[in-house]
Amino acid sequence: MPERRTVALVTLGCARNEVDSEELAGRLEADGWQLVEDAEDADVAVVNTCGFVEAAKKDSVDALLEANDLKGHGRTQAVVAVGCMAERYGKELAEALPEADGVLGFDDYTDISDRLQTILNGGIHASHTPRDRRKLLPISPAERQDSAASVALPGHGPVDLPEGLAPASGPRAPLRRRLDGAPVASVKLASGCDRRCSFCAIPSFRGSFISRRPSDVLNETRWLAEQGVKEIMLVSENNTSYGKDLGDIRLLESLLPELAEVDGLERVRVSYLQPAEMRPGLIDVLTSTPKVVPYFDLSFQHSAPDVLRAMRRFGDTDRFLELLDTIRGKAPQAGVRSNFIVGFPGESAADLAELERFLNHARLDAIGVFGYSDEEGTEAATYDRKLDEEVVAERLARVSRMAEELVSQRAEERVGETVQVLVESVDEEEGVHGRAAHQAPETDGQVLLTSGEGLGVGRMVEAKVVGTEGVDLVAEPLFQGSLARSEEAGR
């Protein structure tokens, strides 16, 4: 019997890329490929790249070069680039990086097995010429669903597949294969974006906004729960737009309670929310539905009105603070995170001071700060009044220091609170770590539990916050003794 072909998926970038990688893994496994964890053990190393900003693109290139270094020293015979950077640059990336044996765009995903086999056999698959993917769907959101079947939408893999194509988990299984055993998994709610932020190129290579059907989201969530997942995180470029192309802009409000009722699921989290699109009804559902955590990943980006208008965005400091007051009036312990760009073209000292005023009053749990740099193909790249790199770097350092201090202060405010912690790692030396409701995976800090007696990965435990370590919390499990005794009795 011939040895099975092996493939490793290396994923960079956001949670949306992680979903795409698991769909690719599902397609490859269904066609007989053996998935391995390490690139050095694979015939083909597939690097799912990020193409958002320069730092992410550099990380993607480094990962491709690192995988290429394995060729000739082990099993690895080919290195293939997929993902946003591959889609965005296509032939240009292939020419600039000959170390990659293939550069595959989103349109190649449905035939990923054949593409990899061709490359593994020494053949060449011509890299695509990039195009504006916003033009692949109708301008009107109401007309998009009928056209979606003809457009590649990574992470929208079908559900209820014919026998033999999906993982062995019954008729609800999606075209997806989990790449780790973590108790949390992302579920793609939609793809693309209709917003035209002047600094962002994502819509050009991810396309216009299109929602997944609620039944697909529900069935995939049920399947993940069957695999032992305790928390799902809904991801897309803009979750607040969910349903607008399905005829119901409030569809998320009705979907969330249904997701929360999935057997085995403990927690539902929503990410990527646009402040300008927040609705009272959505805030109500996010703050009052059992198992739906009051977590608000709000894309503020700045708070000075002139900068926001130049970004093609809406709002200002006072409106944003009013939104936060509304949220905390309904859920005082709600978690809020956001990202900000400093040094945007035309940003004055007064604009920076206005952003600092907002940050000082916002009490955010997690803050990401980025220095502006021109992004190819964006409107902002054509703007005048660019700030010197030294000025941008100084403002980035200044606001980053401020943000670090503010999130530490916010963590200290939580001392004495009772939190629900999802255990994610148990280690004899490092201890037991997990996340509370206000902490998303990998971005918002974590909780160190003072005792791990009777606890395993995937367990939800009630704990009292007794200290902090920067943005991280230290918490003491409650009723630990009775928990251990009940588990012993269950065995």
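With all pairs of different alpha carbon atoms counted, what Kirkwood hydrodynamic radius in Å does the range 14-68 show? Let's see the in-between values first.
Numbers: mean 1/r = 0.0811 Å⁻¹.
Value: 12.3 Å, from the Cα pair sum.
Ignoring ligands, DNA and RNA, please state the percent of accessible area on the range 216-266 from carbon and sulfur, probe 1.4 Å. On the range 216-266, the fraction of accessible area on carbon and sulfur atoms equals 37 percent.
Taking all protein chains as present, what is the carbon and sulfur share of the accessible area of the range 353-468, in % to the nearest whole number, probe 1.4 Å? Can you show the working numbers first?
Working: 2620 of 5910 Å².
That share works out to 44 percent.
Measuring nothing but how far apart in sequence close Cα pairs (under 8 Å, 6+ apart) lie, relative to its length, the range 50-159 scores a relative contact order of 22 percent. Residues whose amide H comes within less than 5 Å of that of residue 339, counting only those at least five positions distant or on another chain, are 300, 301, 368 (H built at 1.01 Å from N in the peptide plane).
Using the Cα atoms as the points, what is the convex hull volume per residue of the range 290-448 in Å³? Write out the running numbers ahead of the final one.
Numbers: hull volume 23.3 nm³, N = 159.
Taking only Cα atoms, the range 290-448 has a hull volume of 147 Å³ per residue.
Decide, for the range 1-41, between rounded, prolate and oblate: order the square roots of the alpha carbon gyration tensor eigenvalues as a ≥ b ≥ c, take rounded if a/c falls under 1.5, and otherwise choose prolate if a/b is larger than b/c, else oblate. Since a/c reaches 1.5 but b/c is at least a/b, the shape of the range 1-41 is classed as oblate.
Based on the mean of other beta carbon atoms within 10 Å per residue, what is the order of 105-112, 260-267, 183-190, most packed first? Mind dumping the intermediate values first?
Numbers: 105-112: 18.9, 260-267: 16.4, 183-190: 25.0.
Final packing ranking: 183-190, 105-112, 260-267.
Could you tell me whether the range 45-151 comes out rounded, prolate or oblate from its Cα gyration tensor? Rule is a ≥ b ≥ c as square roots of the eigenvalues, rounded for a/c under 1.5, then prolate if a/b exceeds b/c, otherwise oblate. It comes out prolate by the Cα gyration axes. In terms of the Cα gyration tensor, with a ≥ b ≥ c the square roots of its eigenvalues, is the range 175-260 rounded because a/c is under 1.5, prolate because a/b exceeds b/c, or oblate? In terms of gyration-tensor shape, oblate.
What translational diffusion coefficient, to the nearest whole µm²/s, does the chain have by Stokes-Einstein, given a Kirkwood radius computed over alpha-carbon pairs, a temperature of 25 °C and 0.890 mPa s viscosity? Walk me through the numbers on the way to the answer.
Working: Rh = 23.9 Å.
Taking Rh from Cα pairs, D becomes 103 µm²/s.
Per-residue ellipticity at 222 nm from helix content only, as computed over the chain with -39500 (n - 2.57) for each DSSP H run of at least four residues, stands at -10000 deg cm²/dmol.
Averaging sequence separations of C-alpha pairs under 8 Å and six or more residues apart, then dividing by the length of the range 298-426, give the relative contact order as a whole percent. Walk me through the intermediate numbers first.
Details: 144 pairs, mean separation 33.4, N = 129.
Reported relative contact order: 26 percent.
Before I look further, what does the chain give for accessible area per residue, probe 1.4 Å, in whole square angstrom? Display every interim value, and only then the final one.
Working: 21180 Å² over 491 residues.
I get 43 Å² per residue for this part.
Across the chain, C-alpha contacts under 8 Å between residues 6 or more apart give a mean separation that, scaled by the residue count, equals a relative contact order of 9 percent.
The values are calculated or read from the model by the stated rules, or taken from the named source; none is laboratory data. Quick caveat, the model's predicted, so the values are computed rather than measured. Counting neighbours? That spans all protein chains shown, and the Cβs are built from the backbone with ideal geometry, glycine included. When the accessible area is computed, the model is the full protein with side chains, heavy atoms only, and any ligands, DNA or RNA have been set aside. Shrake-Rupley method; radii C 1.70, N 1.55, O 1.52, S 1.80 Å.
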